[in-house]
1. With angles folded into 0 to 90 degrees, how steeply does helix 246-265 sit against the dominant principal axis of the chain? Use alpha carbons for both and round to 10.
2. If you wrap the stretch 139-287's Cα atoms in a convex hull and average its projection over all directions, what's the area in nm²?
3. Could you sort the peptides 124-132, 215-223 by per-residue average Cβ neighbour count (10 Å cutoff), highest mean leading?
4. Any idea what angle helix 286-296 forms with the longest principal axis of the chain, computed on alpha-carbon atoms, 0 to 90 degrees, nearest 10?
5. For the stretch 127-187, which GluC sites (Glu not before Pro) are both in a DSSP coil and crowded by at most 14 other Cβ atoms within 10 Å?
6. Based solely on its DSSP helices, what 222 nm [θ] is calculated for the chain when runs of n ≥ 4 H residues each add -39,500 (n - 2.57) and the sum is averaged over all residues, nearest 500 deg cm²/dmol?
7. Compute the accessible area per residue over the chain, keeping the other protein chains in place, probe 1.4 Å, unit Å².
8. Give me the aspartates and glutamates in straight-line cross-link reach of Lys255: C-alpha distance below 12 Å, same-chain residues under 8 apart excluded.
Amino acid sequence: MENLDPIPILEVDDTIKDRLAKLSDHFLSRFKHKATFFARVPGRVNLIGDHIDYSGYAVCPMAIEQDVIVAASQSNDSGLYFTNLNNIYPDYHCKSLLDCRDDLMESNGLQWYKYLLCGIVGALEIIPQDKIGSKGLNIAIWGIIPPASGLSSSSALVSAAVLTIVHMYQHEISRKELALISAKAERHIGTQGGAMDQAIAFLATAGAAKLIEFNPLQTTDVILPSDAVFVIANSMVKCNKAATLEFNTRVKECKTAVQIIAKQHFDDWDDVKTLGELQKKLGTNLLKTLKISEAALKNENPILIKRCQHVFEEAARVLEFQKICQSTKPDRIQRLGELMNQSHKSLRDLYECSHEILDKLVDVALNCGALGARLTGAGWGGCLVALTTRNNVEKFVNDLRKQLREGLFCELVKNCDLKAVVFPTEPRQGAAIYYMP
Ligand code: ADP
Ligand code: NG1
Ligand code: MG
């Protein structure tokens, strides 16, 4: 087929060999036969552009090393069987693929297996029934993305389930379609997010961050300055976005703002769904759209103006970030750092999605010499991403770890391996399929 752009099937190399072997052993001991194939989906760190994807604005993430791997085979009966290498997540079983939708919708809390069910239900919606047959599935998973910490562990799980089903039934679709199907599938968990996480999971390439635009989904490489290094640090405050109201409240506030502004400008205001669509319909630039929004919202709840200000200014910062990466100016790393600092302040003060411990961590990172530091992902805890230089990265990481061990964070990190709490990261490859040799 022409230009299908399928998911790559990669050779098992030294970077993944040991983990596949360990997951393979777990699969064999649980299901008494070998896995047929493995699907790997990475987490991501968003460098700039948070809480704007669902308003239709471009973002700039990169895939990270930490990932979710699924081992899969068809089952001997019609049943669906999940097992997790980490035994804090109990096994799950359901009698057929068609019945699992009921388990997903059941109001019995946010069990881990529901993220996989989201992906399975989402994938089954697009695969013709006759391709599926009556056999069920065996799935073993191993995820090493810190959960509920803004590095997209949820989307890696959902996307890995979609990829597993699509590959199992040899349903040929492009990586963009996989991303959009996975984004839609994840909304079954309850969060009304955008498609940033799933897009970078499927479309990332090693060596470059991506500018991801939506409607239509499109990616452009962002080549980072060769002496820039991004470091992730975990505040150890977890926030499960589907278990709290905050995330969807922000989505709703943006939609409410859109309706109020659109009503004052257009007869067909009900067709305008996002701030991005509003801007397109107004035909104005980001700054002018902000001014129009402020005027339209002046008698409303002041929170709405704050949310809009964040969205339009953050959207502008993403484009500026990309422009600086393309330039050759000697101070470009400093300027990227400034944009990251502005982004964090905006998320903290205007979008109100930070956390006091995360804010303290940002201050500690800046005191250790970061050129910029900001929360990454949805926030309310989770990780920061800090910018430093290749010459300084070793000292920066060591200083930050030391500050955490000895300072305000000593209680939070006392049982942790600090190598997993503060670590440098590089742009990695997106999702792939593997077969064990
Ligand atoms: P994130 O910012 O990491 O995407 P979310 O709040 O969206 O955080 O999703 C976190 C949830 O994903 C966890 O509470 C857990 O249910 C699930 N999860 C993440 N990693 C794993 C894993 N390795 N195994 C099982 N479930 C996981
Ligand atoms: P995380 O932190 O991975 O749960 C969420 C959304 C993204 C985006 C970011 C904020 C989902 C699946 N993910 O990410 O779409 O809105 O927050 O930029 O809803
Ligand atoms: Mg998530």
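1. 50 degrees
2. That works out to 12.2 nm², a quarter of the Cα hull's surface.
3. 215-223, 124-132
4. The angle comes out near 80 degrees.
5. Those satisfying the criteria are Glu172.
6. Result for the chain: -13000 deg cm²/dmol, rounded to the nearest 500.
7. 44 Å²
8. List returned: Asp270, Asp271, Glu277.
The values are calculated or read from the model by the stated rules, or taken from the named source; none is laboratory data. Since we're looking at a predicted model, the values are computed, not measured. Methodologically, a virtual Cβ is constructed for each residue, glycine included, from the backbone with ideal geometry; neighbour enumeration extends over all protein chains shown. Side chains included, ligands, DNA and RNA excluded: accessible areas come from the protein's heavy atoms. Shrake-Rupley method; radii C 1.70, N 1.55, O 1.52, S 1.80 Å.
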